[in-house]
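Colleague: One structure, pasted below without further comment.
The values are calculated or read from the model by the stated rules, or taken from the named source; none is laboratory data. Everything quoted here is computed from the prediction, not taken from an experiment. Note that each Cβ is placed from the backbone with ideal geometry, even for glycine, and that neighbours are counted across all protein chains shown. In case anyone asks, the SASA skips ligands and DNA or RNA and just uses the protein heavy atoms, side chains included. Shrake-Rupley method; radii C 1.70, N 1.55, O 1.52, S 1.80 Å.
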Amino acid sequence: MTQPESPSERPSPISALRLGDWFTHHPPKNDEQIQGYVQIRNAGHDFARTIVANCPPSADTTAAVRKVREAVMTANAAIACEGR
């Protein structure tokens, strides 16, 4: 019987370099990036308001808004990390 691998022995598909990039502040490099952030944030805000206006107060409504917020943050990260 073989011993299970410890977490430090398992190969990771996420490199240390990629982790470092993901957890580094990436200030906007140009107006195009800034406009992308603004458009995504505004679209997310509009969608979240639509959810709140049309759904009854509930855990599902809260979860839906939270997922919109997460999508906005992830999309903005894609811009900041330039697809890396």
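Colleague: Can you run down the residue pairs with Cβ atoms below 8 Å, 6 or more apart or on separate chains, where the first is in region 23-37 and outside any helix (DSSP H, G or I) and the partner is open to solvent by less than 100 Å² (accessible area, probe 1.4 Å)?
Modeller: Filtered contacts from region 23-37: 26/80; 26/81; 28/34; 28/37; 28/80.
Colleague: Within region 37-69, work out how many residues are open to solvent by less than 100 Å² (accessible area, probe 1.4 Å) and acidic (Asp, Glu).
Modeller: Total satisfying the criteria: 1.
Colleague: Hey, can you tell me all the residues within region 38-76 that are in a helix (DSSP H, G or I), over 25 Å from residue 21 (Cα atoms) and out of contact with any helix residue (DSSP H, G or I) (no Cβ under 7 Å at 6 or more places or on another chain)? Steps first, answer last, please.
Modeller: Of region 38-76, the ones in a helix (DSSP H, G or I) are 38-54, 59-76.
Subsequent filtering for residues that are over 25 Å from residue 21 (Cα atoms) retains 42-43, 45-54, 59-65.
Hits for region 38-76 are 42, 43, 45, 46, 49, 50, 53, 54, 59, 60, 62, 63.
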